[in-house]
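First comes the structure, then the notes that go with it.
The values are calculated or read from the model by the stated rules, or taken from the named source; none is laboratory data. All values reported here derive from a predicted model rather than from experimental measurement. We place every Cβ from the backbone using ideal geometry, glycine too, and count neighbours over all the protein chains shown.
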Amino acid sequence: MTELATKAVVRDAAMGLSTARALHPSTVNSPVVAAGSLLNIEQLSVADVAGILATTTRLQAMNAAERARLLAGRTIALLFYESSTRTRTSFELAAKSLGAMTTLVSDKSSSIEKGETLKDTGLTLRALGAEAIILRHPASGAPELLARVTGLPILNAGDGMHQHPSQALLDLRTILLRLGKDPGTVDSKTLAGVTVAIVGDISHSRVARSNAQLLPRLGARVILCGPVELLPKTALGLDPHEGSPLEIARDFDSTLGQSDVVMMLRIQKERLAGVSLDLAGYVERYQLGVERLAAYAPKALVMHPGPIIRGLEITGEVADGAQAAIELQVAQGLAVRRAVLLRAFGVQV
């Protein structure tokens, strides 16, 4: 286990659900995870990724009435232990656009607030008729625990600092669209010759982890860039595949000059316990502003998974500029998550 992964487990253990505990046999009812579950990006082969993106393209070509019949009469629960705008809304809208009925359960308005465990909440939702659960949770490993406890398809909408697989898929589709590549055809050489820089708080980012495990398998060169406080050398272990082309860089300007895609990440202040960071120094060295972008990467695609902290990791002018694909990312979230939901129910189009 890498130092980054170890820190994530230690942090999550303080919340009462470490990855190790999540996988302990005494906490689960079933050794089998439902085939349609999406727990992490590593479980997907390149062929699986290609299939999801191809389904996304086919769904986009269908009219709304056709799509609305695909999951008509199915019930999907959204179980969110953390705040979310883009992910929660896009999953909910995706489900409804396919004809499914949805119900939202949050930790602020349910028995979770009274101390109910993830296991009992999941079993309750299953007993009430939920056929799949979309889960966001602050603890790494929570989606796998829920999958084994309930036997239902579980879609990971973000677990701690661990994974955010649907975000990586929508980021990939955004890149393909903006680079003029066919988003419905993907293989191990699709991103050959493309350099992607992921910049900022890598250490605490599930988005960085999922993208770092996906993009190199499609041929991309991936550079992780940031200060040592947010990007230790052990981050090279984010992609466990042999021969991974992940690189670490500290010089943002030099990294920009090599990049076709720049993915900016916010500093996750809620996860910075014990980390000392000079914010003024960070802005000077790593903020993406108009002058820096024009000087070093005038043609690069600019991305951000949100939420954006304008004036910190990126300026408003860049976020709203022609090189930014941030709104396109949001739109692809809806498109890709439709395909992920169909996969959860084994529905093909």
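Going through L146, L71 one at a time, which residue ends up being in contact with a Lys or Arg (Cβ under 8 Å, 6 or more places away or on another chain), on the phi < 0 side of the Ramachandran plot, assigned by TED's automatic domain parsing to the domain that holds A157 and buried (at least 18 other Cβ atoms within 10 Å of the Cβ)?
Going through L146, L71 in turn, the sole match is L146.
Considering only the stretch 109-124, I want to know if a residue exists there that is crowded, with 16+ Cβ neighbours inside 10 Å, at pLDDT 95 or above and closer than 17 Å to G333 by Cα.
The answer is no; no qualifying residue exists.
Across the stretch 290-349, what is the number of residues that are at pLDDT below 95 and touching a Phe, Trp or Tyr at 6+ places or on another chain (Cβ under 9 Å)?
So the answer is 1.
Within the group R178, R209, which residue is among the basic types (K, R) and crowded, with 24+ Cβ neighbours inside 10 Å?
Going through R178, R209 in turn, just one is among the basic types (K, R) and crowded, with 24+ Cβ neighbours inside 10 Å: R209.
I'm told E291 meets every condition in (1) outside the structural domain of L215 (by TED's automatic domain parsing); (2) assigned to a helix (DSSP H, G or I) except one. Can you identify the failing condition by its number?
Among (1) outside the structural domain of L215 (by TED's automatic domain parsing); (2) assigned to a helix (DSSP H, G or I), the lone unmet condition for E291 is (1).
Can you pull out every residue in the stretch 86-116 that is of a type in the set (S, T, Y) and out of contact with any strand residue (DSSP E or B) (no Cβ under 6 Å at 6 or more places or on another chain)?
If the condition is that a residue be of a type in the set (S, T, Y) and out of contact with any strand residue (DSSP E or B) (no Cβ under 6 Å at 6 or more places or on another chain), then T89, S90, S97, S109, S110, S111 are the ones that fit.
Could you please let me know if I76 is at pLDDT below 95, β-branched (V, I, T) and crowded, with 16+ Cβ neighbours inside 10 Å?
Spelling it out, it is not the case that I76 is at pLDDT below 95, β-branched (V, I, T) and crowded, with 16+ Cβ neighbours inside 10 Å.
If I ask for residues that are assigned to a loop (DSSP other than H, G, I, E, B) and either under 21 Å from the mean Cα position of the chain (by Cα) or surrounded by fewer than 16 Cβ atoms within 10 Å (Cβ to Cβ) (or both), which ones from the stretch 81-98 would you list?
Selection gives Y81, E82, S83, S84, T85.
Given G193, G200, which one is surrounded by fewer than 23 Cβ atoms within 10 Å (Cβ to Cβ) and in contact (Cβ under 8 Å) with a residue 24 or more places away in the chain?
G193
Here are G306, G321, G257: which of them is out of contact with any strand residue (DSSP E or B) (no Cβ under 7 Å at 6 or more places or on another chain), touching a residue at least 60 places away in the same chain (Cβ under 8 Å) and among the small types (G, A, S)?
G306
Suppose the filter is farther than 18 Å from A197 by Cβ, in contact with a Ser or Thr (Cβ under 8 Å, 6 or more places away or on another chain) and not assigned by TED's automatic domain parsing to the domain that holds A95; does R343 pass it?
Yes; evaluated as a whole, the condition is true for this residue.
Please determine, by comparing only the residues of the stretch 141-182 that are in a loop (DSSP other than H, G, I, E, B) and within 18 Å of the chain's Cα centre (by Cα), which one is nearest to P216 (Cα to Cα).
H164
Residue by residue, here is whether (1) closer than 27 Å to T234 by Cα; (2) acidic (D, E); (3) modelled with pLDDT under 95 holds:
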position	(1), (2), (3)
K7	yes, no, yes
V10	yes, no, yes
L38	yes, no, no
I41	yes, no, no
S45	yes, no, no
L53	no, no, no
L59	no, no, no
